[in-house]
């Protein structure tokens with residue numbers, strides 16, 4: 001295989017990797033009425049100029065540091081600080097609007113003071129709100145009144161007055177209180193919990209130092225060029241490796257802070273969260289408890305580093321989490337999930353297989369399903385010349401050979417939630433399904449195009465093939481799916497993929513600076529772009545499936561296309577490759593048959609109902625603060641789930657549940673998407689007479 005540069009792709013969020021730092025204020029200062037002022041360090045001017053130089057020289061995109069970038073920069077910075085528009089006033093934003101097109105000039109001049117001025121104002125506004133929380137708590141709450149809280153402020157304007165801001169916060173705090181009340185807390189416990197929660201907000205704010213603010217400012221700048229270009233402060237850079245390795249010990253998830261909540265941004269294949277199938281990306285952790293009976297600690301408002309410390313612990317010990325499910329929107333009820341901590345082992349992340357037996361048109365079929373959580377390889381072993389290490393292609397080849405021996409009728413490759421990994425492995429795994437040929441094109445900033453190809457003429461599996469993807473399938477997994485689709489080697493089913501079609505490199509700013517008296521951070525920047533063998537980019541668009549499954553996710557809300565600074569989709573010349581079969585001939589019939597099955601499947605109908613409910617909840621602007629109304633909503637939701645569960649049990653011939661009975665969770669419950677994909681493969685077999693024979 002022709003070697004291609006392997007770049008570790010890591011998506012960072014400014015708040016996620018802010019390292020633990022010494023509190024700039026003493027405990028007494030924290031509780032005082034005197035606000036501190038954070039000032040930039042002198043060497044930030046030089047570091048800012050280094051960042052600008054590296055971006056202009058090496059970034060894939062030709063861009064101008066101009067007014068349009070300045071505008072985007074300001075929006076990103078404000079969104080980072082005040083995501084829900086609950087701290088700044090309309091007058092604050094109006095004053096900043098006068099500076100909207102000046103931040104490019106500030107950056108060019110090495111003047112980052114305006115970013116610090118905004119942060120200091122933010123700190124002042126947040127301090128005001130935290131003091132007002134005490135006033136709200138002192139009044140107490142009446143949950144019999146028919147009022148509401150504004151919970152979705154995506155399209156809201158900034159508060160125009162103190163009265164408007166106070167009303168906003170009264171609704172916010174009362175909603176927090178009602179959630180606790182409905183969970184069984186009494187008035188004193190509610191007040192104590194919320195007092196601690198918002199003290200944590202304030203304490204977390206006062207832990208920010210000058211370096212932290214500079215990172216927020218620089219990241220607003222760099223991510224305005226493209227979302228995968230990020231600045232890492234020295235503290236972040238030093239702790240990056242240890243943070244990444246430690247995140248694999250514990251629950252197996254990477255977290256970030258957003259609007260005071262701890263949000264799951266990645267599920268590590270093979271970890272406790274992955275195995276549980278109960279927590280997904282965008283779910284929020286609101287409380288943590290130790291052991292089987294430890295008391296829950298509310299972590300809303302905590303710094304992310306402190307939340308991670310609470311979640312981590314010795315392996316084989318239990319941690320319990322209270323989760324707000326993303327799919328339930330603003331009406332989400334806390335769900336308790338118990339996990340046993342463990343270190344994620346490489347074998348747990350390895351590709352695995354199973355056989356799904358189905359009946360289609362009166363005929364029995366055995367469909368092999370290979371799940372690839374990511375494209376892994378033993379980089380260190382490869383560097384040392386050791387070819388005995390774990391790799392995706394070795395494992396998938398073995399699994400395919402086993403499936404061939406078991407005489408399966410077709411194969412499904414499951415790439416759902418596969419965020420990428422080693423590009424070389426994606427190329428080699430593609431080679432198991434074709435004899436020879438290109439798999440991916442990589443174009444650098446100079447316009448040079450390098451082709452990554454499979455050069456092994458052997459073909460391990462030549463039968464009917466489907467590739468499953470979802471919105472969380474990204475990077476290398478998109479390359480594999482696109483190649484299978486372009487060759488006509490199989491069909492792609494599921495959701496439109498993420499659209500991450502760029503390559504990043506990490507630059508240590510200390511190595512490009514002659515200044516040895518100060519320690520600088522690092523810059524992760526985009527240096528190249530992936531293209532399919534048909535010439536189309538996977539960037540922004542991703543891979544569009546041949547057969548689409550229903551999804552909770554709106555591509556405009558999650559994925560590359562949701563990022564305003566994302567690099568666009570474009571096209572280069574196609575490479576020379578042979579076509580294995582014309583799937584277009586049978587695709588309309590495959591789609592029609594799949595739709596008929598799904599329309600007749602109660603589980604898919606439940607899913608469609610849930611998607612409608614989820615989308616309504618996502619756009620719901622206000623939520624009732626009346627106890628009776630909220631209880632009625634909860635009772636209706638519980639009744640719906642009770643009816644569904646008994647309908648399922650009736651279809652399976654199981655004993656029906658009584659009211660109040662909770663069904664046991666079954667980790668091995670059938671995956672309706674895998675079952676339907678297996679049925680689609682059986683349809684492909686039935687219709688294969690109209691296809692060019694696969695080799």
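The set of residues from region 318-351 being farther than 26 Å from residue 203 by Cα, modelled with pLDDT of 85 or more and surrounded by 14 or more Cβ atoms within 10 Å (Cβ to Cβ) comprises 318, 325, 335, 337, 338, 339, 341, 350, 351.
Could you tell me whether residue 630 is in contact with a strand residue (DSSP E or B) (Cβ under 9 Å, 6 or more places away or on another chain), part of a helix (DSSP H, G or I) and more than 30 Å from residue 532 (Cβ to Cβ)? Considered against the rule, which asks whether it is in contact with a strand residue (DSSP E or B) (Cβ under 9 Å, 6 or more places away or on another chain), part of a helix (DSSP H, G or I) and more than 30 Å from residue 532 (Cβ to Cβ), residue 630 comes out as yes. Candidates in region 281-311 are the residues that are more than 23 Å from residue 179 (Cβ to Cβ) and modelled with pLDDT of 85 or more; of these, the one that is surrounded by the fewest Cβ atoms within 10 Å (Cβ to Cβ) is 292. The set of residues from region 417-454 being in a loop (DSSP other than H, G, I, E, B) and modelled with pLDDT of 95 or more comprises 431, 432, 433, 434, 448.
For residue 459, the stated conditions hold: it is in a loop (DSSP other than H, G, I, E, B) and over 24 Å from residue 526 (Cα atoms). Check region 19-32 and report whether any residue there is at pLDDT below 95, part of a loop (DSSP other than H, G, I, E, B), outside the structural domain of residue 198 (by TED's automatic domain parsing) and within 30 Å of residue 475 (Cβ to Cβ). Yes. Determine if region 596-615 includes at least one residue that is exposed (fewer than 14 other Cβ atoms within 10 Å of the Cβ) and within 30 Å of residue 144 (Cβ to Cβ). Looking for residues that are exposed (fewer than 14 other Cβ atoms within 10 Å of the Cβ) and within 30 Å of residue 144 (Cβ to Cβ), one finds none in region 596-615, hence no. In summary, residue 238 fulfils each of the numbered conditions (1) surrounded by fewer than 18 Cβ atoms within 10 Å (Cβ to Cβ); (2) in the same structural domain as residue 151 (by TED's automatic domain parsing); (3) modelled with pLDDT under 90; (4) outside any loop (DSSP other than H, G, I, E, B) with the single exception of condition (2).
Across region 406-458, the qualifying residues are those that are over 24 Å from residue 529 (Cα atoms) and free of Cβ contacts under 8 Å to residues at least 40 places away in the same chain, and the one among them that is surrounded by the most Cβ atoms within 10 Å (Cβ to Cβ) is 432.
Please work out if residue 369 is assigned to a helix (DSSP H, G or I) and buried (at least 20 other Cβ atoms within 10 Å of the Cβ). Here the answer is no, as residue 369 does not meet what is asked.
Here residue 519 meets each of (1) surrounded by 22 or more Cβ atoms within 10 Å (Cβ to Cβ); (2) at pLDDT below 95 with one exception, condition (1).
Selection of region 143-170 for residues being within 20 Å of residue 184 (Cα to Cα) and either touching a helix residue (DSSP H, G or I) at 6+ places or on another chain (Cβ under 9 Å) or part of a helix (DSSP H, G or I) (or both) yields 143, 144. Which of the residues belonging to region 515-556 are within 13 Å of residue 497 (Cα to Cα) and free of Cβ contacts under 8 Å to residues at least 40 places away in the same chain? Matches in region 515-556: 537, 556. When the residues of region 90-107 are filtered to those that are farther than 28 Å from residue 201 by Cβ and out of contact with any helix residue (DSSP H, G or I) (no Cβ under 7 Å at 6 or more places or on another chain), the one that is surrounded by the fewest Cβ atoms within 10 Å (Cβ to Cβ) is 98.
Residue-level check: of (1) under 27 Å from residue 306 (Cα atoms); (2) free of Cβ contacts under 8 Å to residues at least 60 places away in the same chain; (3) out of contact with any helix residue (DSSP H, G or I) (no Cβ under 7 Å at 6 or more places or on another chain), residue 179 misses just (2).
The values are calculated or read from the model by the stated rules, or taken from the named source; none is laboratory data. Keep in mind the model is a prediction, meaning the values are calculated, not measured. So basically every Cβ, Gly included, is an ideal-geometry build from the backbone, and we count neighbours across all protein chains shown.
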